[in-house]
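Have a look at the structure below, then the notes.
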Amino acid sequence: MPLGQRAGDKSESRYCGVEVLDFPAGEELPAVLSHSLSSSFDFLLAPLVDPDYRPTPGSVLPVAASDLVLGPAQWSSHIVGKISEWIDLDAEDEQLRLDSETTLKQEIAWASHLSLQACVLPPPKRSSCANYARVVNHILQGLTNLQLWLRIPLEKSEPMDEDHDGAKDNSNMEHTAIYELTRAVAFLTNARGYPCLSKRHQKLLTGFFNHSVQVIISGRSNHNVSQGGVLSGDENHTEDTAVRHALSPYLDYIAYIYQRMDPLPEQERFEINYRDFLQSPLQPLMDNLEAQTYETFEKDTVKYTQYQRAIAKALVDRVSDDDVSTTKTVLMVVGAGRGPLVRASLQAAEETGRKLKVYAVEKNPNAVITLHSLIKLEGWESLVTIISSDMRCWDAPEKADILVSELLGSFGDNELSPECLDGAQRFLKPDGISIPSSYTSFIEPITASKLHNDIKAHKDIAHFETAYVVKLHRIARLAPTQSVFTFDHPNPSPNASNQRYTRLKFEIPQETGSCLVHGFAGYFDAVLYKDVHLGIEPNTATPNMFSWFPIFFPLRKPIYVPSKTPIEVHFWRCCGATKVWYEWAVTAPSPSPIHNSNGRSYWVGL
């Protein structure tokens, strides 16, 4: 059975298997499987071939069991194949290397014949493993459903802290974890005599759970837990199916770790289906948004609460308490959509006791229809004037005290907020207030192999020169974010260009070691008014807000960064008569091409 269901997480279940240490020949495999399943393990990691086998001409592969001893569903659902550990694909001995290649291909072929979902490969025997990579790559090109799992030692160079929650180390604890595997000898013993993990191992394991990994418990029991039916040290006991597996206490503890994880917050529950899914950014000026898009954005109550706070502060600063009864503030919502900012503005006026006259400017004729219905439904006819026009073309009958907009994209300016607000600020009073008043974009280098492979599948350059909106999940952040471009409103120099250029140098922390950079994650932070801000930059992100996912700028070819080596990247924001686009390039530690030159692959239309 699965480890349990984490509240709010409807994604892939987490399962726990157990490794068979002894070669289960013939009819033993069904009994071992039955015993393990009855003890609540989900699958077996079992050898497929006799470990003493070496290929010889005309020999028959000595498999662990015929494909007839288990049903097809049992093979595919409950068995993970364990490839022979003696295989050394980079051996200096040529015969051993050739035997290793032959045996690996034979075992993978047998696993495919059994319809197994996965096989666990032994780790490379040495740091130089070019032939290992070549052989595995060849095998992967011929596979369809079979997954290959690789054991990766995560060795620590410093001793573990004494952070065991009162546990005593009664074994020779191994400071090595395996990506999908937890060894029984890595467990400590708590005060009650039960197995437990150090805090660091717990943190490592919960981090893996967040990425949908499965767990395999390996080794022999080091804990004589007093409970009915547990036979210590006899992992493959098969005579009495009522007897629990000797490693069941370890399974119970792993399940306990998973089940006690905090429930997913509301924001994560909303975003879970979008994880690592590449989306093209909106074209808000070229295209009219659909009702479903508006509805998604309007559900983000946190965003509109922040806007209401900012508008309330601006109204109080604009009109003193002495002038409340005689002064009416003119507020223009540019890009009003279906009216959420109109509502936030009127609620802010009611909250502060200020009089308000609202102009709602919207270019989408379909959204204007909804706006008229909303105004009539709420009885706001005397307070709100609807303008069906592009803000850049409208001639306002009077100047505004406050200009409110929600034109921000995932990178701040990537949905052309600067161009729109520059065109609209002509009907703002000289001392008028813009909400937002400024916004800054940020980037950071990331490792994102899944995103890279998804883009690579398109087999063209254009997709590598496109910026994507994506809920980042299976990535590694390699350095702290740095600011890229900043825009202020109202713009004190209305004729100034919105073109930008910056060069940034990222220092990779020493503990990160060498890494592979697949691209740059982009964020923004906006100052709505004074101390009220809104953004997705990781260090200052507005909690529980889901209107924006980060933006991802990919690299056509991943950049290898040696340890202690900085990354230098250049970003351009370019403006033409009909479009705005970004260009980017890495110059250190090795140069990349300039991506999206002249906006040939990706742009935002004016």
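Within the group ASP50, ASP67, ASP88, which residue is charged (D, E, K, R), closer than 12 Å to LEU116 by Cα and without any contact (Cβ under 8 Å) to a residue 60 or more places away in the chain?
ASP67
So which residues in region 385-433 are touching a Gly at 6+ places or on another chain (Cβ under 8 Å), of a type in the set (D, E, K, R) and over 29 Å from PHE549 (Cα atoms)?
Matches in region 385-433: LYS399, ASP401.
For region 266-285, which residues satisfy the criterion of being open to solvent by 60 Å² or more (accessible area, probe 1.4 Å) and more than 13 Å from VAL469 (Cβ to Cβ)?
Within region 266-285, the first condition is being open to solvent by 60 Å² or more (accessible area, probe 1.4 Å), and the residues that meet it are 266, 269-270, 273-274, 277, 280.
Matches in region 266-285: GLU266, ARG269, PHE270, ASN273.
Looking at THR301, THR326, which is the one that is open to solvent by 60 Å² or more (accessible area, probe 1.4 Å), of a type in the set (S, T, N, Q) and within 21 Å of GLY535 (Cα to Cα)? Walk me through how you get there before you give the answer.
On the way: THR326 fails: within 21 Å of GLY535 (Cα to Cα).
Criteria check complete, one pass: THR301.
What is the one condition in (1) within 22 Å of HIS533 (Cβ to Cβ); (2) at pLDDT 95 or above; (3) of a type outside the set (A, V, I, L, M) that LYS355 does not satisfy?
It fails just one condition, (1).
Can you confirm whether region 572-593 contains a residue that is open to solvent by 40 Å² or more (accessible area, probe 1.4 Å) and on the phi > 0 side of the Ramachandran plot?
No, because not a single residue in region 572-593 is open to solvent by 40 Å² or more (accessible area, probe 1.4 Å) and on the phi > 0 side of the Ramachandran plot.
For region 338-359, which residues satisfy the criterion of being of a type outside the set (A, V, I, L, M) and either in a strand (DSSP E or B) or open to solvent by 10 Å² or more (accessible area, probe 1.4 Å) (or both)?
Applying the first criterion (of a type outside the set (A, V, I, L, M)) to region 338-359 yields 338-340, 343, 345, 347, 350-355, 357, 359.
Result: ARG338, PRO340, ARG343, GLN347, GLU350, GLU351, THR352, GLY353, ARG354, LYS355, LYS357, TYR359.
Please go through region 174-210 and pick out each residue that is under 30 Å from GLU271 (Cα atoms), modelled with pLDDT of 80 or more and open to solvent by less than 70 Å² (accessible area, probe 1.4 Å).
If the condition is that a residue be under 30 Å from GLU271 (Cα atoms), modelled with pLDDT of 80 or more and open to solvent by less than 70 Å² (accessible area, probe 1.4 Å), then HIS201, GLN202, LEU204, LEU205, THR206, GLY207, PHE208, PHE209, ASN210 are the ones that fit.
Which of the residues spanning region 398-412 are open to solvent by 10 Å² or more (accessible area, probe 1.4 Å) and under 35 Å from the mean Cα position of the chain (by Cα)? Give the derivation first.
The initial filter retains those residues of region 398-412 that are open to solvent by 10 Å² or more (accessible area, probe 1.4 Å), namely 398-399, 401, 406-407.
Those that are open to solvent by 10 Å² or more (accessible area, probe 1.4 Å) and under 35 Å from the mean Cα position of the chain (by Cα): GLU406, LEU407.
Output the number of residues of region 278-324 satisfying the condition of being assigned to a loop (DSSP other than H, G, I, E, B), in contact (Cβ under 8 Å) with a residue 40 or more places away in the chain and under 21 Å from SER417 (Cα atoms).
Residues that pass the stated criteria total 10.
Would you mind finding the one in SER405, SER388, SER345 that is at pLDDT 95 or above and within 18 Å of THR293 (Cβ to Cβ)? Don't jump to the end; show me each part of the working.
Working: SER388 fails: within 18 Å of THR293 (Cβ to Cβ); SER345 fails: within 18 Å of THR293 (Cβ to Cβ).
Going through SER405, SER388, SER345 in turn, just one is at pLDDT 95 or above and within 18 Å of THR293 (Cβ to Cβ): SER405.
Within region 551-599, take every residue that is of a type in the set (Lys, Arg) and touching a helix residue (DSSP H, G or I) at 6+ places or on another chain (Cβ under 7 Å) and give me the one that is farthest from ASP422 (Cα to Cα).
Kept after step one, since they are of a type in the set (Lys, Arg), are these residues of region 551-599: 556-557, 564, 573, 579.
So of that shortlist, the ones also touching a helix residue (DSSP H, G or I) at 6+ places or on another chain (Cβ under 7 Å) come out as 556, 564, 579.
Numbers: ARG556: 34, LYS564: 43, LYS579: 15 Å.
Looking at the filtered set, the residue picked out is LYS564.
Among the residues of region 368-397, what is the count of those that are open to solvent by 60 Å² or more (accessible area, probe 1.4 Å) and either in contact (Cβ under 8 Å) with a residue 40 or more places away in the chain or assigned to a strand (DSSP E or B) (or both)? Break it down into steps so the answer makes sense when it comes.
Let us first name the residues in region 368-397 that are open to solvent by 60 Å² or more (accessible area, probe 1.4 Å), namely 369, 372-373, 376-378, 381-383, 388, 392-393, 395, 397.
Retained after the next criterion (residues that are either in contact (Cβ under 8 Å) with a residue 40 or more places away in the chain or assigned to a strand (DSSP E or B) (or both)): 388.
Count: 1.
Please state which one of ALA479, ALA496, ALA526 is among the hydrophobic types (A, V, I, L, M, F, W, C), under 30 Å from SER597 (Cβ atoms) and loosely packed, with under 15 Cβ neighbours inside 10 Å. Talk me through it step by step, then tell me what you get.
Working: ALA479 fails: loosely packed, with under 15 Cβ neighbours inside 10 Å; ALA526 fails: loosely packed, with under 15 Cβ neighbours inside 10 Å.
Sole residue among the options that is among the hydrophobic types (A, V, I, L, M, F, W, C), under 30 Å from SER597 (Cβ atoms) and loosely packed, with under 15 Cβ neighbours inside 10 Å: ALA496.
Do you know which residues across region 304-319 are in contact with an Asp or Glu (Cβ under 6 Å, 6 or more places away or on another chain) and open to solvent by less than 40 Å² (accessible area, probe 1.4 Å)? Even if it seems obvious, please write down each step before you answer.
Residues of region 304-319 in contact with an Asp or Glu (Cβ under 6 Å, 6 or more places away or on another chain): 312, 318.
Within region 304-319, just ALA312 meets the criteria.
Give the number of residues within region 541-559 that are among the β-branched types (Val, Ile, Thr) and within 18 Å of the chain's Cα centre (by Cα).
The initial filter retains those residues of region 541-559 that are among the β-branched types (Val, Ile, Thr), namely 542, 551, 559.
Filter once more, so that each one left must be within 18 Å of the chain's Cα centre (by Cα): 542, 551.
Residues that pass the stated criteria total 2.
The values are calculated or read from the model by the stated rules, or taken from the named source; none is laboratory data. Everything quoted here is computed from the prediction, not taken from an experiment. With ideal geometry, Cβ positions are generated from the backbone for all residues, glycine too; neighbour counts draw on all protein chains shown. We work out accessible area using only protein heavy atoms, side chains counted, and drop any ligands, DNA or RNA first. Shrake-Rupley method; radii C 1.70, N 1.55, O 1.52, S 1.80 Å.
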